[in-house]
1. Checking the conditions here, which among Ala143, Ala138 is small (Gly, Ala, Ser), within 28 Å of the chain's Cα centre (by Cα) and open to solvent by less than 20 Å² (accessible area, probe 1.4 Å)?
2. Is segment 30-39 home to any residue that is crowded, with 20+ Cβ neighbours inside 10 Å, within 27 Å of His130 (Cα to Cα) and touching a Ser or Thr at 6+ places or on another chain (Cβ under 7 Å)?
3. Does any residue of segment 54-71 turn out to be outside any loop (DSSP other than H, G, I, E, B), open to solvent by 20 Å² or more (accessible area, probe 1.4 Å) and over 21 Å from Thr218 (Cα atoms)?
4. Residues Phe142, Phe163: which one is in contact with a Cys (Cβ under 7 Å, 6 or more places away or on another chain) and not small (Gly, Ala, Ser)?
5. Report yes if Phe8 is more than 20 Å from the chain's Cα centre (by Cα), touching a residue at least 60 places away in the same chain (Cβ under 8 Å) and on the phi < 0 side of the Ramachandran plot, otherwise no.
6. Against the condition part of a helix (DSSP H, G or I), within 30 Å of Leu293 (Cα to Cα) and either among the polar types (S, T, N, Q) or in contact with a strand residue (DSSP E or B) (Cβ under 7 Å, 6 or more places away or on another chain) (or both), how does Ala174 come out, does it pass?
7. Filter segment 45-75 down to the residues that are free of Cβ contacts under 8 Å to residues at least 40 places away in the same chain and within 26 Å of Val113 (Cα to Cα) and list them by number.
8. Name the single residue that is surrounded by the fewest Cβ atoms within 10 Å (Cβ to Cβ) among those in segment 146-200 being in contact with a Gly (Cβ under 8 Å, 6 or more places away or on another chain) and among the aromatic types (Phe, Trp, Tyr).
Amino acid sequence: MTTDRLSFATEAGLSLPSDGRILLLGAPGDLVTEALPLERCAVVQRFRPDFDLWQRRGVEVSLTPEGSFTAAVVFLPRARELAEARIAEACAAVPDGLIVVDGLKTDGIEALVKALKSRTELKGQVSKTHGKTVWFTATDVFADWARAPGLNAHGNWTAPGVFSADGPDPASQALLAALPAKLGAQVADLGAGWGGLSTGLLSRDSLAALHLVEADRTALDCAERNVADPRASFHWADATSWEPPALLDTVVMNPPFHKGRKADPALGQAFISAARRMLKPAGQLWLVANRHLPYETALATHFRASEEIAGDSRFKILHASRPTR
């Protein structure tokens, strides 16, 4: 479970309100909650696996803040702009209330604390287990940190924290260039992000239906604005457990490979296993991966044939066919 820095903070002087609801912005689903009155907490979580974990724990969870709150706890994401946006969102949801910010040093908490101190007075802070928890009174001085989805320089709708928000991902572009003209009628893009790869896939006339599967609700919202083709359908889901309405001809993907700051090949390997389950007996998988990621063994386990069909020093394009049953 996620480290319990909040309990340490309460022992060091953090005092949460004794009544009213407490907003948890971006709280991971495995959060240790001994310091929190869960019966008064409401989670805002836009990442589907964590959203589902909170539901299973019986805690109120939604996509946006709903109702009034006396305090908010902001959990720091990796992206600085998204971190700032969450703090602005917390201050707007809890006017004059208590704001708590918790994060790891590797996710930028030190730099963020400096920025907070330059704008407002901290009521307290603690350091523990490679991170910090700080708290202050909500203020409108962070209103300019609010961020909304917008068009990037390439004309794509993206948002802070979304993968490759500045423009098309080079690995996805390399995969599109390597794909054959015909992919079959029923296709899925696992981990579709804001829709860059799917846009290229839909240039193929033979494609009858494309399923965009994405766990990040913000990214999927952007994809719905970027991909207007009626053949596309959008699924807010964990790609490793999503079930297609019928078996597919092709799965295409540029799978995620980070959990926090650490590379985690098991994520991509889980995507490969899920693709095997989704495909028809003659189905095919096409994927792009960073050169160093060890996906070949997973492909050999789940498919009868697999090979590298293109690549360079950065990326490799892998093709697998005939999933095992």
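The values are calculated or read from the model by the stated rules, or taken from the named source; none is laboratory data. As the structure is a computational prediction, the values presented were derived from the model and not from experiment. Here Cβ is always computed from backbone atoms with ideal geometry, including for glycine, and neighbour counts include all displayed protein chains. Ligands, DNA and RNA are excluded from the accessible area calculation, which covers all protein heavy atoms including side chains. Shrake-Rupley method; radii C 1.70, N 1.55, O 1.52, S 1.80 Å.
1. Criteria check complete, one pass: Ala138.
2. yes
3. The answer is yes; a qualifying residue exists.
4. On inspection, the qualifying residue turns out to be Phe142.
5. yes
6. Taking the combined requirement at face value, the residue satisfies it.
7. Gln45, Asp50, Thr64, listed by residue number.
8. If we take residues in segment 146-200 being in contact with a Gly (Cβ under 8 Å, 6 or more places away or on another chain) and among the aromatic types (Phe, Trp, Tyr), then Phe163 is surrounded by the fewest Cβ atoms within 10 Å (Cβ to Cβ).
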